[in-house]
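Colleague: One structure, pasted below without further comment.
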Amino acid sequence: MTEVTLSNVVKNYGAHRAVHGIDLDIQHGEFVVLVGPSGCGKSTTLRMIAGLEAISGGDVSIGGRIVNDLPPRERNISMVFQNYALYPHMTVRENLGFSLAIKKKAPEEIIAAVDEAAAILGLDELMDRKPAELSGGQRQRVAMGRAIVRHPDVFLFDEPLSNLDAKLRTQMRVEIKKLHQKVGNTIIYVTHDQVEAMTLADRIVLMQDGHIVQVGTPLELFDKPVNTFVATFIGSPPMNLIDGIVRGDNAVELHAPSSGGLHGGLTIPLPSTARGRVSDGQAIKFGFRADNLMPMGHAVEEGGERTELDLPVTLTEPLGTETLLFTEVAGTEVQAKMYNPRPVRPGETLKFQLMLDKCHIFDAATSNAIRG
Amino acid sequence: MPRRRFPEWLVLLLPAFIVIAAVVLIPLIFSLYSSFTPYKLTRPSTLWRWVGTYNYEKILTDAKFWAAFGRTVLFLTIALNLELILGLGIALMVNKVTWGQRTLRTILMFPMMFSPILVGFQFKFIFNDNIGLVNNVLQSLGSNTALPWLVDGKLAMFSILFAEIWMSTSVFAILILAGLFAMPRDPLEAAKVDGCTAWQTFRHITLPFLMPFIFIAMTIRSLDVARAYDIVQIMTGGGPARRTELLWTLMSRTGYVDARMGLANAMGYVSIILSILFTIYFFRKLSAARAELGMAG
Ligand SMILES: Nc1ncnc2c1ncn2[C@@H]1O[C@H](COP(=O)(O)OP(=O)(O)O)[C@@H](O)[C@H]1O
Ligand SMILES: [Mg+2]
């Protein structure tokens, strides 16, 4: 069993602290994705697990063994790098077999392991080529093959798909997921792309500025973001956020960010989930996803707790099964979704329904979610 | 009817052709021609006597020439190998240095900035058997004999080699350092993760990547050392009694001291073969090493 545990792991680069004491428990066989904006410390964290970066504080343990001071080769991990990092002077076959050859494994054993990896990743045709003679996608596959021949305890991926074009990226994403189902090892995967995180992860670890902001399944992060950062990072399009002020027990007044609520705004009912958790006059951020603001008659769900709004459409983005509508609520641009779309002219005013029970309330001062 | 004119490209290239002809082609043809004459600088009329391949036949059976030829090959082999090993070591160490690396790199270039003549004089002094630094140090350490550094054949070769290596190891060091700087970091990290020790990483990843740089340095230095002259001329003059005679000291002695320019030119042509062979050899190696890395083209 190979769990990976980080406890209070810190990384300093000189005076700059890149990772601020993070704690994380990763189960055996789990697919965990570290996601976050560029520079938030994902790679640094992964490289500390790999042993490529010294740990400034805290402990990293793999399979119950603290590995802080072990070199990478004693950690039984393998890593796939963003730039593939293939050995340029070796053929695909040699690249795949290198780690075993280094360990002085028997030739038959190496051949068997290499052939197995090649079969899993469909590399048979490419075995005698050099990396320079491969396309990006093929190189990526070789890099993955090189990682699996060794049957490591843990796979580490650092943005393995970010150098590929969009189509190939989608395709390789599926392959990585299949690979995980086939080999079943623990995988720690780094990406800045929330779509990759959502589609691949058993559990997402969302990071910001060297801190972990939220850990959870993709749906937990999507449905229950702990703060506005998570709410806007996860999901596409990002969650709409509108400034608001709680009025009385059961109303919210939405207003444009600049007005500070002085000129009045749009008053809507306070979602029942938030009642009793906010106080009169409290400044909040009112959040909802595009899917929860739909024109009447073009919604996927009717009923539930909702309110109706007449809103002007400023721009449309037809996506096929749905159309993204840009509109304005209380002076803030928001996006809505129209299912079973019909053509809409910019400027047209439609009657929308806002699903109040799907809305999120965040404290304006702390950005943290307020929910039961 | 317009006047017939040279095509434009020819007109444009003509100055270059003329200059090349004047500085390369004519001396080349002249020296090649004179190698078929008994041309003596002191008797210009000998330039017009054609003796066919007489000079070449003489060279082929000349033990002194072949001794110098062999000694040059030996000198070249030892110098290049030692410079490679030292240069590689220095480059690897400098590459590890994080503080003051620029300064170190500049210092590394110092020996290359000296005139070889001065380097020759410097080491002639250092290895002098009476007043030289080396013997002084040895004697203050308790040795009673004054080693004849520049007189004994083997010691003299060693001294010259020492000077040559001191002056030119930095060629290897600088080129290999450039290779190390150009080296992508990812494969090194991949190798670490793949289970390599530091030595295995060096042997299987770093070294293959450095090979093209090493062969470029080898090519440059093999041409350089094959025409080694100044340091030897200053330190021993090829002597004593021809014990340190290399091809170029022999040639200059034949051409300018004995004034037998025809014979010297013939020697020059034979010895050029040496340089050509080395160049071909190292270029082959270079292309192979580049092809290894998928850089061929
Ligand atoms: N070798 C380094 N030296 C100094 N600072 C570094 C180094 N590597 C990363 N950093 C800094 O640490 C922070 C986290 O970097 P990184 O982990 O690479 O982010 P990412 O989440 O994009 O992978 C960044 O602010 C980056 O500038
Ligand atoms: Mg990164």
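For every residue, the table says whether it meets (1) more than 16 Å from ligand 2 (Cβ to nearest atom); (2) under 26 Å from the mean Cα position of the chain (by Cα); (3) under 30 Å from A:VAL10 (Cβ atoms).
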site: A:GLY51; (1), (2), (3): yes, yes, yes
site: A:VAL60; (1), (2), (3): yes, yes, yes
site: A:TYR87; (1), (2), (3): yes, no, no
site: A:ASN95; (1), (2), (3): yes, no, no
site: A:GLU116; (1), (2), (3): yes, no, no
site: A:ARG141; (1), (2), (3): yes, yes, no
site: A:ARG146; (1), (2), (3): yes, yes, no
site: A:VAL149; (1), (2), (3): yes, no, no
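Colleague: Go through (1) more than 14 Å from chain B (Cβ to nearest Cβ); (2) surrounded by fewer than 21 Cβ atoms within 10 Å (Cβ to Cβ) one by one and return the number of the condition A:ARG141 breaks.
Modeller: Going through the list (1) more than 14 Å from chain B (Cβ to nearest Cβ); (2) surrounded by fewer than 21 Cβ atoms within 10 Å (Cβ to Cβ), A:ARG141 breaks only (2).
Colleague: What is the one condition in (1) out of contact with any strand residue (DSSP E or B) (no Cβ under 9 Å at 6 or more places or on another chain); (2) part of a strand (DSSP E or B) that A:GLY320 does not satisfy?
Modeller: So A:GLY320 meets the others, but not (2).
Colleague: Could you check the stretch A:1-49 and list, in sequence order, the residues that are of a type in the set (S, T, N, Q) and within 16 Å of ligand 2 (Cβ to nearest atom)?
Modeller: A:SER38, A:SER43, A:THR44, A:THR45
Colleague: Of the residues B:ASP194, B:ASP186, only one is of a type in the set (Asp, Glu), within 14 Å of chain A (Cβ to nearest Cβ) and crowded, with 21+ Cβ neighbours inside 10 Å; which?
Modeller: B:ASP194
Colleague: Of the residues A:THR273, A:THR267, only one is assigned to a strand (DSSP E or B) and farther than 26 Å from A:ARG345 by Cα; which?
Modeller: Checking each option against the conditions leaves just A:THR267.
Colleague: Further, regarding this structure: Residues in the stretch A:35-60 that are assigned to a strand (DSSP E or B) and in contact with a helix residue (DSSP H, G or I) (Cβ under 8 Å, 6 or more places away or on another chain): how many?
Modeller: Residues flagged as assigned to a strand (DSSP E or B) and in contact with a helix residue (DSSP H, G or I) (Cβ under 8 Å, 6 or more places away or on another chain) within the stretch A:35-60 amount to 2.
Colleague: Among the residues of the stretch A:144-166, which ones are aliphatic (A, V, I, L, M), within 16 Å of ligand 1 (Cβ to nearest atom) and within 14 Å of chain B (Cβ to nearest Cβ)?
Modeller: Result: A:LEU156, single match.
Colleague: For the stretch A:35-69, which residues satisfy the criterion of being under 15 Å from A:LEU6 (Cβ atoms), more than 8 Å from ligand 1 (Cβ to nearest atom) and more than 14 Å from every other protein chain (Cβ to nearest Cβ)?
Modeller: Answer for the stretch A:35-69, where residues must be under 15 Å from A:LEU6 (Cβ atoms), more than 8 Å from ligand 1 (Cβ to nearest atom) and more than 14 Å from every other protein chain (Cβ to nearest Cβ): A:ILE55, A:SER56, A:GLY57, A:GLY58, A:ASP59, A:VAL60, A:SER61, A:GLY63, A:GLY64, A:ARG65, A:ILE66, A:ASN68.
Colleague: A further question on this structure: Among what's in the stretch A:70-102 and is in contact (Cβ under 8 Å) with a residue 60 or more places away in the chain and either facing chain B (nearest Cβ under 7 Å) or of a type in the set (A, V, I, L, M) (or both), pick the residue that is nearest to B:GLY294 (Cα to Cα).
Modeller: Within the stretch A:70-102, the match that is nearest to B:GLY294 (Cα to Cα) is A:LEU86.
Colleague: Every residue in the stretch A:5-34 that is within 13 Å of ligand 1 (Cβ to nearest atom) and outside any strand (DSSP E or B), please.
Modeller: A:GLY14, A:ALA15
Colleague: Being within 21 Å of A:MET48 (Cβ to Cβ), touching a helix residue (DSSP H, G or I) at 6+ places or on another chain (Cβ under 6 Å) and away from ligand 1 (no atom under 16 Å from the Cβ) is the requirement here; does A:ILE187 meet it?
Modeller: Yes; evaluated as a whole, the condition is true for this residue.
Colleague: Can you go through B:LEU223, B:LEU180, B:LEU207 and tell me which one is part of a helix (DSSP H, G or I), of a type outside the set (Asp, Glu), free of Cβ contacts under 8 Å to residues at least 60 places away in the same chain and closer than 30 Å to A:ASN76 by Cβ?
Modeller: B:LEU207
Colleague: Given the options A:PRO238, A:PRO341, name the one that is touching a Ser or Thr at 6+ places or on another chain (Cβ under 6 Å) and within 22 Å of A:THR366 (Cβ to Cβ).
Modeller: From the options A:PRO238, A:PRO341, the qualifying one is A:PRO238.
Colleague: Please verify whether B:ILE205 is at pLDDT 90 or above, within 14 Å of another protein chain (Cβ to nearest Cβ) and farther than 21 Å from B:GLY238 by Cα, treating the condition exactly as stated.
Modeller: yes
Colleague: Can you pull out the residues in the stretch A:323-352 that are surrounded by fewer than 21 Cβ atoms within 10 Å (Cβ to Cβ) and part of a loop (DSSP other than H, G, I, E, B)?
Modeller: Answer for the stretch A:323-352, where residues must be surrounded by fewer than 21 Cβ atoms within 10 Å (Cβ to Cβ) and part of a loop (DSSP other than H, G, I, E, B): A:GLY331, A:ASN340, A:PRO341, A:ARG342, A:PRO343, A:VAL344, A:ARG345, A:PRO346, A:GLY347, A:GLU348.
Colleague: How many of the residues making up the stretch A:305-336 are closer than 24 Å to A:THR267 by Cβ and of a type outside the set (Asp, Glu)?
Modeller: 17
Colleague: Next question. Having 1 or more residues that are at pLDDT 90 or above and of a type in the set (Gly, Ala, Ser) is the bar; report the strands (runs of 3 or more DSSP E) wholly within the stretch A:115-220 that clear it.
Modeller: Passing ranges, in order: A:211-216.
Colleague: Which one of A:VAL226, A:VAL278 is aliphatic (A, V, I, L, M), more than 15 Å from A:THR332 (Cα to Cα) and not assigned by TED's automatic domain parsing to the domain that holds A:LEU325?
Modeller: After applying the criteria, what remains is A:VAL226.
Colleague: Exactly one of (1) modelled with pLDDT of 90 or more; (2) away from every other protein chain (no Cβ under 14 Å) is unmet by B:ASP258. Its number?
Modeller: Condition (1) is where B:ASP258 drops out.
The values are calculated or read from the model by the stated rules, or taken from the named source; none is laboratory data. Since this is a predicted model, take the numbers as computed values, not measurements. Cβ: placed from backbone, ideal geometry, glycine included. Neighbour counts: every protein chain shown.
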